[in-house]
Every structure is written in structure tokens, then in C-alpha cells.
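Each remark here refers to the structure printed beneath this line.
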Amino acid sequence: MVETLLKILFIGVFFFIAYKLMFSGKKGLTLFEMHFKQGRLNRHKGKIPEKFERECRSFAKEHKLTCTIRAERDNQVRLHVSANIGDDLTQQIRNVFPFEYYDRKQVDNSKLKG
């Protein structure tokens with residue numbers, strides 16, 4: 001009886017670990033997230049570049065967008081736009097996104113003090 005329970009427990013733990021390893025795809029660090037509803041910026045989090053925010057607000061206001069725009073950093077910066085807006089608007093948003101702003105290397109000032 002005890003042996004059977006230990007076997008079942010071992011198999012359960014094995015499947016739990018396998019599930020976590022296969023399906024817990026680690027997302028990158030979220031840099032910012034913007035939520036638009038009916039053309040207005042409903043809520044946001046993170047530090048959004050000012051020029052990009054202005055351009056997104058104008059696109060959203062002009063086209064009455066309801067969508068989410070999110071930037072993540074894994075090894076490089078990726079911009080995610082909701083699938084409910086058209087490809088042409090998605091491309092326009094990607095064109096104004098400042099990828100080079102995030103590609104700059106961070107300088108460690110603590111090593112410069114000599």
C-alpha cells in the first residue's frame with residue numbers, strides 16, 4: 001500500500017516538473033505596456049519614450065484603436081501589438097518605435113571612478 005502511494009507520488013511529481021519545464025515559457029523583461037480603448041490611452045506601465053507615446057496616441061486617436069502595445073527585452077527588444085488592428089497600422093507603429101534607443105550599451109559609471 002505504501003509502495004503504491006510512493007509510486008503515484010513520484011509519478012505525479014515527475015509530471016508536474018515536466019509540465020513546468022515544457023509550458024512555462026519564460027517571457028522577457030517587459031519594458032512598457034500601453035492599453036488603448038476607443039482611441040484614448042486607458043492605462044500604461046513602464047517608461048515609454050516620449051516621441052513614441054505621442055505618435056501612438058495620434059494613431060490611436062485618428063483610427064479609434066482599441067489595442068495593447070507592449071515592448072519586451074529578452075536578448076533584443078521586441079514590440080508586440082494586438083492582433084485586432086490591421087497590418088498597415090502595426091507596421092506604422094513599428095516604424096516609429098525607437099529600437100536604437102534600447103540597443104545602446106549601458107555604461108557602468110562605478111568602474112569609471114578609478
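Kindly report the accessible area of the chain per residue (heavy atoms of protein chains, probe 1.4 Å, no ligands, DNA or RNA), in Å².
With the other protein chains kept in place, the chain gives 82 Å² per residue.
Per the helix-only calculation at 222 nm, which mean residue ellipticity applies to the chain, given -39500 (n - 2.57) for every DSSP H run of n ≥ 4 and division by its residues, nearest 500 deg cm²/dmol? Walk me through the intermediate numbers first.
Details: 4 runs with 51 residues, N = 114.
So the calculated ellipticity at 222 nm is -14000 deg cm²/dmol.
Can you match P(r) over Cα pairs in 5 Å bins from 0, in percent to one of these, (1) 2, 9, 16, 16, 12, 8, 8, 7, 7, 6, 5, 3, 2, 0; (2) 2, 9, 11, 11, 10, 9, 9, 7, 6, 5, 5, 4, 3, 3, 2, 2, 1, 0, 0; (3) 2, 9, 9, 12, 11, 9, 8, 9, 11, 12, 8, 2, 0, based on a calculation from the structure here?
(1)
Loop-only trypsin sites (Lys or Arg not before Pro) in the range 18-92, please: DSSP not H, G, I, E or B, and at most 16 other Cβ atoms within 10 Å.
Values: sites: 20, 26, 27, 37, 40, 43, 45, 47, 51, 54, 57, 61, 64, 70, 73, 78; in loops: 26, 27, 47, 64.
Qualifying residues, ordered by number: 26, 27, 47, 64.
With axes computed from alpha carbons, what is the tilt in degrees of helix 2-23 against the longest principal axis of the chain, rounded to the nearest 10 within 0 to 90?
It works out to around 20 degrees.
At a 1.4 Å probe, what is the % contribution of carbon and sulfur to the accessible area of the chain?
Numbers: 5120 of 9390 Å².
Within the chain, the accessible surface is 55 percent carbon and sulfur.
The values are calculated or read from the model by the stated rules, or taken from the named source; none is laboratory data. This is a predicted model, so every value here is computed, not measured. We place every Cβ from the backbone using ideal geometry, glycine too, and count neighbours over all the protein chains shown. We work out accessible area using only protein heavy atoms, side chains counted, and drop any ligands, DNA or RNA first. Shrake-Rupley method; radii C 1.70, N 1.55, O 1.52, S 1.80 Å.
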